[in-house]
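The values are calculated or read from the model by the stated rules, or taken from the named source; none is laboratory data. Being a predicted model, the structure only gives us computed values, none of them experimental. Virtual Cβ from ideal backbone geometry, glycine too; neighbours counted across all protein chains shown. Areas reflect the complete protein model, heavy atoms only, side chains present, ligands, DNA and RNA absent. Shrake-Rupley method; radii C 1.70, N 1.55, O 1.52, S 1.80 Å.
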2 protein chains.
Amino acid sequence: MINKKSHLPIYYQLEEEIKKLIEEKQLQPGDLIPSEREFSETHEISRMTVRQAINNLTSEGILEKQRGKGTFVAQAKLEQSLQGLTSFSEEMAARGMEPSSRMLSFQRVKATNHVANRLEVEEGTEIYEIKRIRLADSIPMAYETSYMPVTLLPRLTEEVASHSLYGYVENEQKQSIKKATQSIEASSATKEEATILEIEEKSSVLLFHRTGYLENQKPFEVVKSIYRADRYKFFIQLER
Amino acid sequence: MINKKSHLPIYYQLEEEIKKLIEEKQLQPGDLIPSEREFSETHEISRMTVRQAINNLTSEGILEKQRGKGTFVAQAKLEQSLQGLTSFSEEMAARGMEPSSRMLSFQRVKATNHVANRLEVEEGTEIYEIKRIRLADSIPMAYETSYMPVTLLPRLTEEVASHSLYGYVENEQKQSIKKATQSIEASSATKEEATILEIEEKSSVLLFHRTGYLENQKPFEVVKSIYRADRYKFFIQLER
DNA sequence: AAGTGGTCTAGACCACTAT
DNA sequence: TAGTGGTCTAGACCACTTG
């Protein structure tokens, strides 16, 4: 299994091996994994190297150690995957619902002062404006308006936008989407929003404002989302 | 500096020493710290032990390593501290407001099924129930109800609770507060909540449910907070 | 070429858990 | 008592950065 001549560190190869065993269900959550000394002997590597692999997986929350007892496969936590920056589709799928989208409008407009500031472009710059309804199990969940600079994605079409927008951006820009800042507030639905979301006017809604950034720290999208409060809660893990 | 006979691990003593140097400004953000081999020689400890100390501080974001160059004191990031699990007082102070608190009630009650589940205790177990108004610049911002097991803090008094509750918990339990899960939803104020928060009934509010955990993964508090939507927005940094 | 962090070894003793 | 993870040592070679 371990290739000592590989340019990949041994501890890394062992990490991958253990993760594979878990993915293939040969190791299940709660299972006791082989001891450090056992790995050391069977793989003919030093115990300190085994420890480095196991410590890394522990800090990733994949394994859990118990003094005197052994090392166990941690319980898979749904919430853990929801921790970070996920798309609507990913999030709803993780909650066991079928995500879909309905495009309301797709057009090029001139950036208002507000959006221009957030996208770090000049006011009046041409940007895409995309309005969508997000559905889960065919029920309206959120009303989303996105803005993106045309210069970043000159060949974006409505067709592409209705499919995997994030994947398209990452391909076009050869950069991955790594960070976003988001504000969350409570509000009540306007008449337009209520109609679209099929709720009563003035119903409670969660209002999100997100700015997404590429690896080079340049903003690529500004999104405003309105979620139905009766069907949606936001979960977050906090640490310090 | 290092006491090899101490029951405290050497790497831990070294961590404390380095942190102290930073606190005392003998090491400033951006400064190059002594190399691993230098620490190893001056403290007469193994380089692997030095590495353990430095790696821990690196994963805490206190130090930053650069291959071939050395290890540096990281820039202090305000956002970093706000990213995670902060107390109301810390958060408001960071926003430039003066935090304060008004105790509404402090009593021992029996855990309902709902709270017992979250605190992982038996239904009917005795718990503290603490109701407070949280103010910023003397304006009501949030209405907070906390529950904590009595067994965890047998000597908790109203006096203590009105001061630094988190600090008290950390002292009593000899464990730090590391994690919390939180849900965020939109709601509208009940009559009671509206009165307390000095807003109109049915006004939009942000509703938080938080469960806080100690290092040993045991829950120590369950909190329900109602924030005025007109004065409070929640900010979060997302990464993937 | 010298210095740095990254990886790795082959031992050792300790504290803790289980039987 | 045997087995586990926690800590520690005194070396070694590597890849990388800088003078």
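Scan region A:19-31 and tell me whether some residue there is within 14 Å of another protein chain (Cβ to nearest Cβ) and within 16 Å of DNA strand C (Cβ to nearest atom). First the steps, then the outcome.
At the first step, the residues of region A:19-31 found to be within 14 Å of another protein chain (Cβ to nearest Cβ) are none.
No, every residue in region A:19-31 fails to be within 14 Å of another protein chain (Cβ to nearest Cβ) and within 16 Å of DNA strand C (Cβ to nearest atom).
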Residue in region A:47-61 that is more than 14 Å from chain B (Cβ to nearest Cβ), assigned to a loop (DSSP other than H, G, I, E, B) and under 28 Å from the mean Cα position of the chain (by Cα) present: no
Breaking point among (1) closer than 24 Å to B:M48 by Cα; (2) part of a loop (DSSP other than H, G, I, E, B); (3) more than 9 Å from DNA strand C (Cβ to nearest atom); (4) among the basic types (K, R), for A:K65: (2)
Residue list for region B:9-27, filter: exposed (fewer than 12 other Cβ atoms within 10 Å of the Cβ) and either farther than 24 Å from B:Q75 by Cβ or not acidic (D, E) (or both): B:K25, B:Q26
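Yes/no per residue for (1) basic (K, R); (2) more than 15 Å from DNA strand D (Cβ to nearest atom); (3) modelled with pLDDT of 90 or more:
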{"residue": "B:E24", "(1), (2), (3)": "no, yes, no"}
{"residue": "B:V50", "(1), (2), (3)": "no, no, yes"}
{"residue": "B:N56", "(1), (2), (3)": "no, no, no"}
{"residue": "B:T86", "(1), (2), (3)": "no, yes, no"}
{"residue": "B:M97", "(1), (2), (3)": "no, yes, no"}
{"residue": "B:M103", "(1), (2), (3)": "no, yes, yes"}
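Mind checking which residues of region B:53-74 are β-branched (V, I, T) and either farther than 13 Å from B:E36 by Cβ or open to solvent by 20 Å² or more (accessible area, probe 1.4 Å) (or both)?
Applying the first criterion (β-branched (V, I, T)) to region B:53-74 yields B:54, B:58, B:62, B:71, B:73.
Answer for region B:53-74, where residues must be β-branched (V, I, T) and either farther than 13 Å from B:E36 by Cβ or open to solvent by 20 Å² or more (accessible area, probe 1.4 Å) (or both): B:T58, B:I62, B:V73.
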The one condition in (1) facing chain B (nearest Cβ under 7 Å); (2) surrounded by 15 or more Cβ atoms within 10 Å (Cβ to Cβ) that A:A194 fails to fulfil: (1)
Selection status of B:I2, at pLDDT below 90 and open to solvent by less than 70 Å² (accessible area, probe 1.4 Å): yes
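Can you work out which of the residues in region A:221-236 that are within 11 Å of chain B (Cβ to nearest Cβ) and open to solvent by 40 Å² or more (accessible area, probe 1.4 Å) is farthest from the chain's Cα centre (by Cα)?
Narrowing region A:221-236 to residues within 11 Å of chain B (Cβ to nearest Cβ): A:226-236.
Subset that is open to solvent by 40 Å² or more (accessible area, probe 1.4 Å): A:230-231, A:233, A:235.
Working: A:D230: 23, A:R231: 20, A:K233: 16, A:F235: 13 Å.
By that ranking, first place goes to A:D230.
Considering region B:90-144 alone, what residues qualify as being free of Cβ contacts under 8 Å to residues at least 12 places away in the same chain, within 18 Å of B:S162 (Cα to Cα) and either open to solvent by less than 50 Å² (accessible area, probe 1.4 Å) or of a type in the set (S, T, Y) (or both)? Show your work before the answer.
To start, the set of residues in region B:90-144 that are free of Cβ contacts under 8 Å to residues at least 12 places away in the same chain comprises B:90-91, B:93, B:96, B:112-114, B:116-117, B:122.
Narrowing the set further to residues that are within 18 Å of B:S162 (Cα to Cα) leaves B:90-91, B:93.
Selection gives B:E91 alone.
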Failed item, numbered, when A:A189 is tested on (1) touching a helix residue (DSSP H, G or I) at 6+ places or on another chain (Cβ under 9 Å); (2) in contact (Cβ under 8 Å) with a residue 40 or more places away in the chain; (3) within 14 Å of chain B (Cβ to nearest Cβ): (2)
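Determine, yes or no, whether B:K5 is within 11 Å of DNA strand D (Cβ to nearest atom) and either more than 14 Å from chain A (Cβ to nearest Cβ) or not in a helix (DSSP H, G or I) (or both). Even if it seems obvious, please write down each step before you answer.
Working: within 11 Å of DNA strand D (Cβ to nearest atom): yes; either more than 14 Å from chain A (Cβ to nearest Cβ) or not in a helix (DSSP H, G or I) (or both): yes.
Judged against the criteria, B:K5 is a match.
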Residue satisfying all of: in region A:205-215; out of contact with any Asp or Glu (no Cβ under 6 Å at 6 or more places or on another chain) and open to solvent by less than 70 Å² (accessible area, probe 1.4 Å); farthest from the other protein chains (Cβ to nearest Cβ) among these: A:L214
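From A:K218, A:K202, A:K179, which residue is within 13 Å of another protein chain (Cβ to nearest Cβ), among the basic types (K, R) and farther than 30 Å from B:T190 by Cβ? I'd like the intermediate steps shown before the answer.
On the way: A:K218 fails: within 13 Å of another protein chain (Cβ to nearest Cβ); A:K202 fails: farther than 30 Å from B:T190 by Cβ.
Going through A:K218, A:K202, A:K179 in turn, the sole match is A:K179.
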Selection status of A:Y147, within 14 Å of another protein chain (Cβ to nearest Cβ) and of a type in the set (F, W, Y): no
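Given the structure, is B:E38 farther than 30 Å from B:K179 by Cβ and not hydrophobic (A, V, I, L, M, F, W, C)? If you could, list the steps in order and put the result at the bottom.
Numbers: farther than 30 Å from B:K179 by Cβ: yes; not hydrophobic (A, V, I, L, M, F, W, C): yes.
Answer is yes for this residue.
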When residues of region B:32-46 are limited to those that are surrounded by 14 or more Cβ atoms within 10 Å (Cβ to Cβ) and not hydroxyl-bearing (S, T, Y), the one nearest to DNA strand C (Cβ to nearest atom): B:E36
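Just one of B:K178, B:K174 is basic (K, R), open to solvent by 30 Å² or more (accessible area, probe 1.4 Å), modelled with pLDDT under 90 and closer than 30 Å to A:L206 by Cβ; which is it? Show your work before the answer.
Details: B:K174 fails: closer than 30 Å to A:L206 by Cβ.
Answer to the check: B:K178.
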